[in-house]
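The values are calculated or read from the model by the stated rules, or taken from the named source; none is laboratory data. Just so you know, these numbers come straight off a predicted model, no measurement behind them. Neighbour counts run over all protein chains shown; Cβ positions are idealised from the backbone, glycine included. Ligands, DNA and RNA are excluded from the accessible area calculation, which covers all protein heavy atoms including side chains. Shrake-Rupley method; radii C 1.70, N 1.55, O 1.52, S 1.80 Å.
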Amino acid sequence: MRSPLPVLAGVGASAALVVGLVVGLTAPVAAADDGGGHDGFTIKDPRIVESSGLAASRAHPGVYWTHNDQDKCACLYAVDSKSGETVATVTMTGVGKPRDVEAISIGPDGNLYVGDIGDNLGGKWAYVWVYKLPEPKQLKDQSVRAQQFVVKYADGARDAEALMVHPKTGRIYIADKKEDEVGGLYEGPEPGAMSTKRTNVFKRVADIDQWVTDGAFSPDGKHLALRGYFGGELFSWEEKGGKVSVKEQQRLSVPLQRQGESMTYTPDGTTLMYGSEGAGSEVEPVEAPGGGGSKSPSGGGSSVFGGDGGGGVGGDVKVGALALAVVLAALYGLRRSRRRKSS
């Protein structure tokens, strides 16, 4: 996928300078891990350099599934959060050559859903793909046959990086990535109506004023979390009479990362895990709003909307990065405000 830096030139050269300084001040710091899958870790596999999606395993506690957005194979990687090592590589068969894999989610049926939904041409592909395969019971290198669903949007092609499967209904949702206008949340057919023999049309069900790079449902299905590069939002989620009601609830505390691409809830819903692209990238934990957990971010990485600065030289760097991030967040907010006024 595209880096956020060139796009931010649209809000002025000062914004690009701020981003450059922020990235320079926020080099990854190894995080401690208690083995429970709630603490941060560093992805050590040298093959994983563009981790674009993240999903907490349901079958294997403490393991997270990820993938590259561009890869030589149709591969998924199971990473142990205790060590940061890849403990299994799953090669999907029956799907052809992936194009731009941006998201992964686990449904209530125990299947992995993989979103080959990116579009670096800015929304030119006539269709995209979603792959479905069972989460392996054993963690070992293996090939698993997947189902391939052809997907298109009712209102035309678009670029997207977030795919979420509702944990109660099993329905698939995609949030598109809009840089200069309000984006949308798209709902797929009912789970039983998804077909491998015909095109599956996703319909817009809500506007999302957020530059979305990934998203996740809370395990109870009552909230939808969406993140961008420099911020995020939590939405309440209701379904009545077959219609979805999505309401913005609060801003999320998103860690400062090199290129924030992914997120997932821990299975107990207490923590949001945030991932980034890049070799040796970090996955950082933040207590989920209303999750009832006691975990807080471990290791480096200030939040755009929260977090402490610490002390000493490391603390000074964090404070400086946080100050720059606040400026960046203000620029981001200004763009949103302008879009709202013009709409």
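Considering only the stretch 78-106, state which residues are more than 19 Å from the chain's Cα centre (by Cα), closer than 23 Å to Ala279 by Cβ and of a type in the set (S, T, N, Q).
Ser83, Thr86, Thr89, Thr91
Which numbered condition in (1) closer than 26 Å to Gly188 by Cβ; (2) among the hydrophobic types (A, V, I, L, M, F, W, C); (3) at pLDDT 95 or above; (4) open to solvent by less than 30 Å² (accessible area, probe 1.4 Å) is the only one that Ala88 fails?
For Ala88, the failing item is (1).
In the stretch 143-160, what residues are open to solvent by less than 50 Å² (accessible area, probe 1.4 Å) and not aliphatic (A, V, I, L, M)?
Correct list: Gln148, Phe149, Tyr153, Gly156, Arg158, Asp159.
Could you pull out the residue among Leu112, Leu76, Leu163 that is closer than 19 Å to Ala193 by Cβ and open to solvent by less than 50 Å² (accessible area, probe 1.4 Å)?
Residue meeting the stated conditions: Leu163.
Would you check if there is a residue in the stretch 185-193 being farther than 25 Å from Glu277 by Cα, assigned to a strand (DSSP E or B), open to solvent by 10 Å² or more (accessible area, probe 1.4 Å) and touching a strand residue (DSSP E or B) at 6+ places or on another chain (Cβ under 6 Å)?
Yes, the stretch 185-193 contains at least one residue that is farther than 25 Å from Glu277 by Cα, assigned to a strand (DSSP E or B), open to solvent by 10 Å² or more (accessible area, probe 1.4 Å) and touching a strand residue (DSSP E or B) at 6+ places or on another chain (Cβ under 6 Å).
Condition (residue is in a strand (DSSP E or B) and more than 19 Å from the chain's Cα centre (by Cα)) applied to the stretch 107-122: is it met by at least one residue?
no
Which pairs do you get when a residue that is on the phi < 0 side of the Ramachandran plot, found in the stretch 242-253, comes within reach of a residue that is open to solvent by 70 Å² or more (accessible area, probe 1.4 Å) and not in a strand (DSSP E or B), reach meaning Cβ atoms under 7 angstrom, with the pair 6+ apart or on two chains?
Close Cβ pairs satisfying both conditions: Arg251/Phe305; Ser253/Phe305.
Which of the following residues is without any contact (Cβ under 8 Å) to a residue 40 or more places away in the chain, open to solvent by 50 Å² or more (accessible area, probe 1.4 Å), touching a strand residue (DSSP E or B) at 6+ places or on another chain (Cβ under 9 Å) and not hydrophobic (A, V, I, L, M, F, W, C): Pro134, Pro98?
Every option except Pro134 fails the conditions.
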